[in-house]
1. If I go through the range 170-184 residue by residue, how many of them are outside any loop (DSSP other than H, G, I, E, B) and buried (at least 21 other Cβ atoms within 10 Å of the Cβ)?
2. Test of understanding: among Glu354, Glu269, Glu311, which residue is free of Cβ contacts under 8 Å to residues at least 60 places away in the same chain and assigned by TED's automatic domain parsing to the domain that holds Leu399?
3. Looking at Phe202, Phe133, can you tell me which residue is surrounded by fewer than 20 Cβ atoms within 10 Å (Cβ to Cβ) and out of contact with any Ser or Thr (no Cβ under 7 Å at 6 or more places or on another chain)?
4. Here's a check for you: in the range 389-400, which residue that is in a helix (DSSP H, G or I) and in contact (Cβ under 8 Å) with a residue 40 or more places away in the chain is surrounded by the most Cβ atoms within 10 Å (Cβ to Cβ)?
5. Within the range 333-347, restricting attention to residues that are crowded, with 18+ Cβ neighbours inside 10 Å, modelled with pLDDT of 90 or more and not small (Gly, Ala, Ser), which residue is nearest to the chain's Cα centre (by Cα)?
Amino acid sequence: MAPLLRIVPVLCILGLSACNQATQTNIQQEKVSLEFFTPKDETETIFEELINEFEAQNPEVEINQVIVPNGMNVLKTRIARGDTPDLFVTYPIEQDYVIRAKNGYLLDLSDEKFIRNIEPSIQDRYLVNGRMFGIALTQNAVGVLYNKNHFKELNLTVPETWDSFIETMEKLKAAGKTPMLMPNSEADQTSIFNLNLVANQFDNNYWEQGEITIKDSREWKDISKKILTVLSYVQPNSFSDDFFEANQKFAQEEGTMYIMGTWALPEIEKINPDLNYGIFPFPATNQADDNIVLGGVDIGLAISSDTPYPEEAKKFLEFLTQAVNAQRLSDYEGSISTVRGVENKREEVSKLFEKIKEGKSKNWPNHYWRGGTASESDFRKYSLQFFYDKNVSEYLGNLDKMFQQYNSHP
């Protein structure tokens, strides 16, 4: 009997080991994997940090951040072919978001408690037929980045009007400086500059007209002339420089000013952490008090209605809307957090924040255009062509045809 008794414990141990292995296998099999699709490579680092922390708190969930060039067009294609990511960046008001919300592609988030963590004045932009299908995490803002050392060297003050802006560039040019940097090798970057002029010229109701006439418009001609004026002060090889090369040149003090959004700050500071710079509101007109700051939701997220893991996806959004995590995102990117309780700690962007707090900001005009990302792409394509050939009549004619085309299809 003794040998039999010795065998029984061994069998029990083997059985327990098998059970433990089976349990571990089940846990691994049950781990949820979510795709987080974003076009924003400038926030890759901070999101990886946040994702790692979320996964540590939720070991049953895995978040895979996917970043691709021309992301919003890629997203549109993927949704059209039924390959929608679980979580993805989406912007309120613009046609792509509205169509997806109305056609049931997005999960309804209206009743989620974490919505209450977000400032209603911003979050309400996601309303479609009284329901919300996305959340706003941050707002971006566009301004003129400037080298404080260059300004001090030439005893320059921050320009608040269009005329003083041009005078400042003229003085910089006379002193042998490169007054303005632009990433003109990329069509996507053109609208960051010229939509400042458009937003200051037209209110949001302008885009709701049944017919928009551009080619004979005095306002659009004035905008075009201002574009050409600024282009006369940019670096000689601007059409060879992309976003990253322009960031590098500004960081290395090869140019004095750079019209760009707050999303570029982490990249610039990574290149030169000691750069002495600031940002002032773009002075689009000669009425200083009337000049507005261009910006809108920068990081807004939605969940696919087809995701097999809606609860886990919502749990990640809840995590991101916690004030402590939203503060880290804002500190890193320099963007304006939409989450309550988050403070702006960046002195560089204080002039933009002052304008925004005064209510002198305006959402991106392209968010109101029919055609969504398609019309935005066309606008940028025609803008880059204009930057290069400087033909005002051809540019306005192209825009006229573009808006007629998209406005003819409600």
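1. Total satisfying the criteria: 3.
2. Of the residues listed, the single one that is free of Cβ contacts under 8 Å to residues at least 60 places away in the same chain and assigned by TED's automatic domain parsing to the domain that holds Leu399 is Glu269.
3. Exactly one residue qualifies, and that residue is Phe202.
4. In this case the residue turns out to be Tyr395.
5. Among them, the one singled out is Thr338.
Per-residue answers, yes or no, for (1) in contact (Cβ under 8 Å) with a residue 60 or more places away in the chain; (2) surrounded by fewer than 20 Cβ atoms within 10 Å (Cβ to Cβ); (3) more than 15 Å from Leu301 (Cβ to Cβ):
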residue	(1), (2), (3)
Ile63	yes, no, no
Asp86	yes, no, no
Glu94	yes, no, no
Arg100	yes, no, no
Gly104	yes, yes, yes
Asn117	yes, no, no
Asn129	no, yes, yes
Ala141	yes, no, yes
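Each row is one residue, and each column tells you yes or no for (1) under 20 Å from Val349 (Cα atoms); (2) among the hydrophobic types (A, V, I, L, M, F, W, C).
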residue: Ala141; (1), (2): yes, yes
residue: Lys177; (1), (2): no, no
residue: Trp207; (1), (2): no, yes
residue: Glu211; (1), (2): no, no
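Residues checked against (1) touching a strand residue (DSSP E or B) at 6+ places or on another chain (Cβ under 8 Å); (2) under 18 Å from Tyr146 (Cα atoms); (3) surrounded by 13 or more Cβ atoms within 10 Å (Cβ to Cβ); (4) in contact (Cβ under 8 Å) with a residue 12 or more places away in the chain:
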| residue | (1), (2), (3), (4) |
| --- | --- |
| Trp220 | no, no, yes, yes |
| Val230 | yes, yes, yes, yes |
| Tyr233 | yes, yes, yes, yes |
| Pro273 | no, yes, no, no |
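The values are calculated or read from the model by the stated rules, or taken from the named source; none is laboratory data. Keep in mind the model is a prediction, meaning the values are calculated, not measured. Cβ sites come from the backbone with ideal geometry, for glycine too, and all protein chains shown count toward neighbours.
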